[in-house]
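Read the figures in this text as sums done on the coordinates, not as results from a lab. Bear in mind the structure is a predicted one, so any value in this text is a computation, not a measurement. Here Cβ is always computed from backbone atoms with ideal geometry, including for glycine, and neighbour counts include all displayed protein chains.
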Amino acid sequence: MILIDGKKVSAEIKNELEEKIKPLHDAGEKVPGLVTILVGEDPASSVYVNMKSKACLKIGMLSKIERLNAETTEEELLSVVKKYNNDSNFHGILVQLPLPKQIDEDKIIESILPEKDVDGFHPSNVGNLVIGKDTFFPCTPFGIVELLKRYKIETKGKHVVVVGRSNIVGKPIANMMLQKKEGANSIVTICHSAAGDLSQYTKQADILIAAIGRANFITADMVKDDAVVIDVGINRVEDAEAKKGYKIVGDVDFENVSQKSSYITPVPGGVGPMTIAMLLWNTYKSFLKSN
Ligand code: NAP
């Protein structure tokens with residue numbers, strides 16, 4: 001079994017980007033910039049936003065966090081997005097989700113210029129992804145594709161089974177693996193909660209991608225021998241021995257599934273670290289396009 005080390009690959013990607021940005025700094029030129037908009041004080045969102053900003057700064061990108069209070073109206077948020085749509089110092093705009101109840105998330109996502117939508121959630125970018133055009137790929141699925149590529153895992157003609165159909169993971173990764181392109185060209189099945197006996201599908205997977213949000217849900221009897229297993233899940237489970245009283249586990253029962261898989265991502269340290277690396281990549285790509 002080969003452990004897919006997302007921490008290592010994400011560090012490689014960040015180093016590659018840092019090397020591209022350094023000459024811009026040295027020459028006193030404009031550098032790629034990302035603004036992250038956080039509405040309210042949700043602790044998890046606040047942690048994510050800080051991590052993204054730190055990662056930007058570490059590789060020499062411009063980073064700004066726009067913090068708005070929890071009572072911000074939809075109109076106010078729309079006008080903040082508009083301001084950054086028109087600010088040429090920022091090549092990426094990320095509105096941290098979820099948003100407070102009074103704000104329509106779809107409306108906000110649609111207000112971001114597709115050219116600055118580095119999360120890849122704008123309907124126009126989603127459409128481009130589906131029809132196989134170059135676009136901003138949503139960061140977590142993009143990270144999965146990058147891991148498969150860098151570990152030289154064959155995808156052409158392989159049966160990819162995705163469990164989960166969310167707009168941020170399941171649907172985009174399924175569509176990306178379907179494209180007639182290098183690093184994809186797979187036969188794809190998407191499963192969800194109406195699947196009934198899920199194992200009849202998962203057992204057929206050459207590459208199994210779990211994006212469910214349920215701790216240790218994929219057990220060894222649901223996976224065929226030598227499958228490639230990609231675990232997207234991030235779940236908190238109680239752990240009396242851990243300092244914080246909990247630990248983070250994936251959607252896959254790693255201990256047992258790892259014994260029969262050919263490749264597997266751990267949680268933490270697999271898909272998770274890739275998400276931020278691909279966000280930085282998308283911001284750099286937007287910067288290049290803007291020039
Ligand atoms: P989500 O929006 O809650 O979607 C979960 C999907 O799993 C849904 O499509 C749901 O089916 C399906 N599902 C739930 N129970 C099922 C069952 N018993 N059998 C089959 N399918 C089932 O979650 P998400 O946003 O995609 O996230 C999934 C997991 O990935 C979470 O743990 C999340 O924290 C993690 N995540 C990690 C990253 C990262 O950076 N690594 C990024 C995003 C998400 P229905 O559609 O029928 O309800």
Cα-derived Rg over Rh, computed across region 43-117 with Rh taken as Kirkwood radius: 0.95
Region 1-141, relative contact order [Cα under 8 Å, separation at least 6], %: 21
At R0 = 30 Å, FRET efficiency that the Cβ-Cβ distance of N185 and K289 yields, to 0.05: 0.70
Most mobile listed residue (V47, V80, V169) in the chain, GNM with C-alpha springs under 10 Å: V47
Highest-MSF residue in the chain out of K224, K133, K14 [GNM, Cα springs under 10 Å]: K133
Calculated over the chain: convex hull of Cα atoms, volume per residue (Å³): 140
Span from the region 67-138 Cα centroid across to the region 248-285 one, whole angstrom: 25
Spacing of the two label points (7 Å from each Cα toward its C-beta) at K7 and E75, in nm: 4.9
Added length on full extension, which subtracts the Cα-Cα distance from 0.36 nm per residue, L97 to R214: 40.1 nm
Order of E74, E29 - criterion: other Cβ atoms within 10 Å of each residue's Cβ, fewest first: E29, E74
Ranked list, fewest to most other Cβ atoms within 10 Å of each Cβ, for L99, L57: L57, L99
Simple label model, 7 Å out from Cα along Cβ direction - I131 to E18, nm: 4.0
For D253, D231, order by how many other beta-carbon atoms lie within 10 Å, fewest first: D253, D231
Calculated FRET value between D226 and M51, using beta carbons and R₀ = 35 Å, to 0.05: 0.50
Candidates G233, G157, G183: whichever shows maximal mean-square fluctuation once the chain is modelled as a Gaussian network with Cα springs under 10 Å: G157
